[in-house]
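Note sheet for the following structure.
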Amino acid sequence: MKQSRWIWILGITAVVLIGIFIIVDINTDKKEREKHIADGKQLLHFDVSKVTGLSLKNEEGTLAFEWDTENGEWRQTEGEAFHVSTYAVNAIVNYACDLQSLKTVALNSDSKEVYGFTDPIELKIYTTETGKDHPYIIYVGDNTPTYEAYYAMIDGSDEIYTIDYNSGTVFCASRNALKNAYLFDTTAAQVSYMRFEKDGKTTVELSRDSERAWQMLQPEGFTLAKAYVDELSDDLVHITVDAFVEDNPSDLAKYGLDKPQTKVFLKGSSGTRAMEEEIWFGAPLSEDPNETDLYGYFVTSKQVFSIKKAETTFANTPASSLILPYCADITLDDVKSIDIDMGEVYDLKAKAELDLSGEQFKLDGRDISGMYDETLNTLFKNFCRSVATLGFTEMNLDAKPDPDADADMTILYRFKDGSKKELTFRKKSANEFYLFTDGKYSGLTVRLNKFTDSASVTSSYEALKQALKSKK
């Protein structure tokens with residue numbers, strides 16, 4: 001009997017001792033944790049390349065995005081649609097994939113409302129490793145009183161941490177911060193169509209053909225200067241808006257967008273995804289004569305934005321600045337002869353026969369190449385080149401010159417394939433002429449100084465004629 005009592009007493013003592021040990025161990029562990037509360041720790045660490053989706057919930061609502069592997073961009077799957085900035089969403093993912101705390105400020109969430117966790121920002125990041133049902137979740141509260149950090153929690157833990165201010169700011173991204181600020185976010189090579197409209201009238205319309213070469217649809221009949229169009233499309237894809245002003249506006253008039261003076265229509269692609277955009281430009285932001293910004297509007301996504309006036313000048317690009325700056329698109333290698341007659345405008349009437357590949361040249365029947373004078377050959381080629389590269393001055397598509405009026409000057413090209421091209425110049429004013437090509441008004445005018453400036457037609461002709469005098 002006594003023995004059983006002792007066994008019972010020893011059992012009770014063991015239980016008490018174990019309880020005391022557990023309490024001591026808990027207190028020791030708590031003290032140890034409190035001792036290292038100021039230490040930073042790794043909160044999240046995952047392979048960013050395995051991220052498949054992201055959800056962001058804040059006071060503006062919930063936005064969700066899915067990674068489009070084929071096109072290498074983020075696609076919006078939840079929330080009112082807008083043009084997504086892949087760069088902004090990538091920033092959130094990149095900051096989250098290696099998230100570290102600065103310190104632990106509380107070991108439990110009993111006082112989480114103090115740190116802004118009553119209604120925190122919630123980030124969910126989905127990966128191929130965790131699947132759709134087990135995302136990484138980050139809760140972001142207020143920023144610290146000194147604005148040096150943000151309070152944060154990780155799903156599955158009661159501890160409250162601080163994270164660096166940059167990470168917190170990125171995680172607190174607003175809807176506007178996630179919008180794509182580029183007017184047309186692709187590469188210049190993937191832009192396939194551009195049309196500019198001014199006061200309801202199309203001023204320029206460009207499109208790539210089946211060979212990906214740019215063609216001018218309006219105004220038609222002109223040869224484009226590839227370098228100029230490439231420069232235009234390259235400038236276009238680098239333009240960004242200043243700020244987003246309003247979504248789904250009920251009153252476009254207050255932005256001067258009810259009757260926009262300028263409209264831009266664009267088509268292209270990003271990877272395999274087709275792109276199409278209509279953009280309007282409206283009134284300046286203020287009546288200040290020095291105002292530098294104006295309002296714009298993305299028609300598809302119904303977003304009003306502000307943009308620097310200087311960034312919108314591309315929409316006012318005149319067609320004349322995109323075409324070859326010459327009266328005719330002539331390649332001298334293809335030319336057999338050039339007849340030029342400046343009539344009463346200037347004492348120049350000549351016929352140049354040439355074969356550049358065979359270095360055979362004649363002027364008014366006189367064999368230039370047969371004189372074996374390299375200087376003369378150069379002067380002759382300079383003269384032919386000055387005629388072939390004669391530049392126009394302005395584009396005037398609305399003019400109605402008389403097609404039956406007498407020509408004041410003519411240039412006739414005969415080509416090796418038997419074809420020919422005739423340029424005729426009919427007086428518009430004392431020193432300006434309408435240009436006709438094969439009897440049809442070209443839409444271009446040419447000032448007399450295009451013929452008479454230094455290194456132009458008359459000066460190169462006079463230099464050649466003077467050099468020939470010494471050969472008599």
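The values are calculated or read from the model by the stated rules, or taken from the named source; none is laboratory data. Please read all numbers here as calculations on a predicted model, not as lab measurements. In this analysis, Cβ positions are derived from the backbone assuming ideal geometry, glycine residues included, and neighbour counts consider all displayed protein chains. Each accessible area value is taken on the protein alone, full model and side chains, heavy atoms only, with ligands, DNA and RNA left out. Shrake-Rupley method; radii C 1.70, N 1.55, O 1.52, S 1.80 Å.
General remarks:
- Between the helical axis of 86-96 and the longest alpha-carbon principal axis of the chain there is an angle of about 30 degrees.
- Percent of Cα-Cα distances greater than 13 Å, calculated over region 127-168: 57 percent
- Taking only the C-alpha atoms of region 206-250, Rg followed by Dmax gives 15.7, 43 Å.
- Rounded to the nearest 20 debye, dipole of region 31-176 from Cβ charges on Lys, Arg, Asp, Glu: 280 debye
- In the context of the full set of protein chains, residues of the chain present 54 Å² of accessible surface per residue (probe radius 1.4 Å, heavy atoms only).
- Across region 199-297, Cα-Cα distances exceeding 21 Å account for 47% of all pairs.
- Cα-based helix-to-principal-axis angle, 226-236 vs the chain, degrees rounded to 10: 30 degrees
- Distance-filtered residues of region 116-134 - backbone nitrogen under 20 Å, label point 7 angstrom along Arg175 Cα→Cβ: 119-124
- Within the accessible surface of region 348-472, defined with a 1.4 Å probe on protein heavy atoms only, the carbon and sulfur portion equals 45 percent.
- Cα lying deepest toward the dipole's positive end in the chain, options Leu123, Phe171, Val457, charges on Cβ: Val457
- Calculated log₁₀ intensity ratio I(q)/I(0) where the Debye formula runs over C-alpha points of region 244-326, q = 0.16, 0.19, 0.22, 0.25 Å⁻¹: -0.70, -0.89, -1.06, -1.22
- Phi-based couplings in Hz for region 443-458 (Karplus 6.51, -1.76, 1.60; Gly and Pro marked x): x, 10, 10, 10, 7, 4, 5, 5, 7, 10, 5, 4, 6, 9, 4, 5
- For region 118-275, convex hull volume per residue from C-alpha positions, Å³: 207 Å³
- log10 of Debye I(q)/I(0), alpha-carbon scatterers only, for the chain at 0.05, 0.08, 0.09, 0.10 Å⁻¹: -0.40, -0.73, -0.82, -0.90
- Between Ile121 and Val140, the built amide H atoms are under 5 Å apart, and every one of these is 5 or more places off in sequence or on another chain.
- Considering only Asn71, Tyr151, Ala227, the residue lying farthest towards the positive end of the dipole of the chain is Ala227, judged by Cα position with unit charges set on Cβ.
- Multiplying the residue separation of Val114 and Tyr193 by 0.36 nm and removing their Cα-Cα distance gives an extension gain of 22.9 nm.
- Full-extension gain in nm, Asp68 to Thr452, via 0.36 nm per residue minus C-alpha separation: 132.2 nm
- Under a 5 Å amide H cut-off, with hydrogens placed 1.01 Å from N, Phe392 pairs with Tyr326, Cys327 among residues at least 5 apart or on other chains.
- Surface composition of region 179-244: carbon plus sulfur atoms hold 46% of the accessible area, using a 1.4 angstrom probe and ignoring ligands, DNA and RNA.
- Computed extension gain for Lys132 through Val48, at 0.36 nm per residue and net of the alpha carbon distance, reaches 28.7 nm.
- Estimated FRET transfer efficiency (Lys103, Ser459; beta-carbon r; R0 45 Å; 0.05): 0.05
- For region 334-432, convex hull volume per residue from C-alpha positions, Å³: 130 Å³
- Long pairs among Lys263/Lys309; Lys50/Lys112; Lys351/Lys440; Lys267/Lys400; Lys381/Lys450; Lys263/Lys440, criterion Cα-Cα beyond 26 Å: Lys50/Lys112; Lys267/Lys400; Lys263/Lys440
- Inter-probe distance in nm under a simple model that places probes 7 Å from Cα toward Cβ, at Thr378 and Asp158: 9.3 nm
- When you work out D = kT/(6 pi eta Rh) for region 58-131 at 37 °C and 0.692 mPa s, using the Kirkwood radius from C-alpha pairs as Rh and the Stokes-Einstein form, the result is 219 µm²/s.
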